[in-house]
Amino acid sequence: MLNLQCKEGRQMAVERWTDEMLDQLASTFRETTVLARTNTETIAANSQAISDLQGLVSNLREGQAILTQILVEEREARQEFRRTTNAALDRIDRTLEELRRDRENGN
């Protein structure tokens with residue numbers, strides 16, 4: 001009888017331990033499920049943020065291209081202005097030189 005009671009006691013202890021382990025496993029599973037949902041939501045939010053940032057980067061690149069084109073056009077306009085101004089100054093210098101020569105020659 002004592003053997004039977006010991007056996008039943010051990011079986012109850014094993015069942016109790018098994019129940020505790022199953023409870024822990026169920027708790028861990030619930031926590032893991034919550035974390036998985038959270039991670040899924042975070043991944044979705046991050047994916048949307050990445051998509052939004054890619055759109056912003058695209059817009060910035062377009063803006064940079066426009067600004068670069070404006071800069072190039074302004075540089076070309078300044079160079080043309082410089083060429084035109086230098087040509088006008090050369091003509092003025094030549095005209096002044098001719099007037100000076102004419103004056104020296106008494107004309």
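In segment 60-102, Rg over Rh equals 1.45, where Rg is the alpha-carbon radius of gyration and Rh the Kirkwood radius from pairwise Cα distances.
Over the chain, DSSP H runs of length four or greater, each weighted -39,500 (n - 2.57), average out per residue to a 222 nm ellipticity of -37000 deg cm²/dmol. Potential lengthening of the chain between I70 and Q54 amounts to 3.3 nm, from the contour at 0.36 nm per residue minus the alpha-carbon distance.
Note on the chain: GNM, Cα springs under 10 Å; of Q11, Q79, Q48, the largest mean-square fluctuation is that of Q11.
Comparing T84, T40, T95 in a Gaussian network model of the chain, where Cα atoms under 10 Å apart are tied by springs, the biggest mean-square fluctuation is seen for T95.
By the gyration tensor of its Cα atoms, with a ≥ b ≥ c the square roots of the eigenvalues, what is the shape of segment 23-87: rounded for a/c under 1.5, prolate for a/b over b/c, or oblate?
Prolate, since a/c reaches 1.5 and a/b exceeds b/c.
Using only Cα atoms, find the angle between the long axis of helix 2-104 and the longest principal axis of the chain, and express it within 0 to 90 degrees, rounded to the nearest 10. Between helix and principal axis, roughly 0 degrees.
The residues of the chain expose, per residue, 93 Å² of accessible area to a 1.4 Å probe.
Dipole of segment 51-107 computed with +1 at Lys/Arg Cβ and -1 at Asp/Glu Cβ about the Cα centre; of I66, N105, A88, farthest Cα towards the positive end is N105. In the elastic network of the chain, a GNM with C-alpha springs shorter than 10 Å, the most mobile of N59, N46, N86 is N86.
Placing +1 on each Lys and Arg Cβ and -1 on each Asp and Glu Cβ, with no other charges, gives segment 61-107 a dipole about its Cα centre of roughly 80 debye.
The values are calculated or read from the model by the stated rules, or taken from the named source; none is laboratory data. Remember, it's a predicted structure, so these values are computed and weren't measured experimentally. With ideal geometry, Cβ positions are generated from the backbone for all residues, glycine too; neighbour counts draw on all protein chains shown. Surface areas here come from the heavy atoms of the whole protein model, side chains and all, with no ligands, DNA or RNA. Shrake-Rupley method; radii C 1.70, N 1.55, O 1.52, S 1.80 Å.
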